[in-house]
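Read through the structure below, which is laid out as structure tokens, and then see the notes.
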Amino acid sequence: MKYLLVSLISFTLLLSTNIFAISDSNNKYSLVDYKDAEVSLEVEPLKVKFGDDIIIHASLPSYEKPDDLRYFIDVFDREGRKIDSTLWFAREDFNYTMRTEHPAFNITRAGDYTISVEKGFNIYRTGEIVKTTLFAIITNPPPLKQVDRGISPPNVICNDHLGLIIKSKDGSPACVKPASVTKLVTWGWAKPSES
């Protein structure tokens, strides 16, 4: 019982100090201190248009890493909604291409997005954020993609220098040049949006 208590205390101390036991090919153990501040997180490019890809790269220094060292890499939109999450087994570098137009991410607006690295224990989250970075999507998705992702037609956001109209025929949104809005409404092809 005394041995079990000492082992449990030792294991708890190892977890709280980010020290992991490493065995080499001769089954000799050594202790390695992993400092979460050593996690490197990069995103390229920092600004993209909707539809472009973002490349996320995370790594630790090249010394030997334990198999059970894990982090969660999450992407959040400007409202704090998680749009993507991946468990990173830190034994290998993390390289990930995020396709901004992929429907699973449900990106509906241009703006700043946050990538965070959270310390994991096994497959569980610890709540300890060790690194963050930002990237920006500088154009809004096309109107019909916004509607497909749950935005109602009158709430569609057009890119700069375009105005929103609602097509008379089917109620779908379109973004057009401001000079065209009056013509399309006059011809009965569209209704102006309420905004």
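Potential lengthening of the chain between residue 124 and residue 161 amounts to 8.7 nm, from the contour at 0.36 nm per residue minus the alpha-carbon distance. The local environment of residue 47, defined by Cβ-Cβ distances under 14 Å, has a net charge of -3 under the rule Lys, Arg +1 and Asp, Glu -1.
Taking each of 47/177; 82/177; 49/177; 47/82; 49/191; 119/145 in turn, the alpha-carbon distance tops 31 angstrom for 82/177; 119/145. Sort region 146-192 into rounded, prolate or oblate with this rule: let a ≥ b ≥ c be the square roots of the eigenvalues of the Cα gyration tensor; rounded if a/c is under 1.5, and if a/c is not under 1.5, prolate when a/b is larger than b/c, oblate otherwise. Since a/c reaches 1.5 but b/c is at least a/b, the shape of region 146-192 is classed as oblate.
When 169, 82 are arranged by Cβ crowding within 10 Å, least crowded first, meaning fewest neighbours, the order is 169, 82. Going from the fewest other Cβ atoms within 10 Å to the most, the residues 161, 57 appear in the order 161, 57.
Read-outs: derived from the displayed coordinates by stated rules, not from any lab. The structure displayed is predicted, hence computed values, not measured ones. Here the Cβ is made from the backbone with ideal geometry for all residues, glycine too, and neighbour counts use every protein chain on show.
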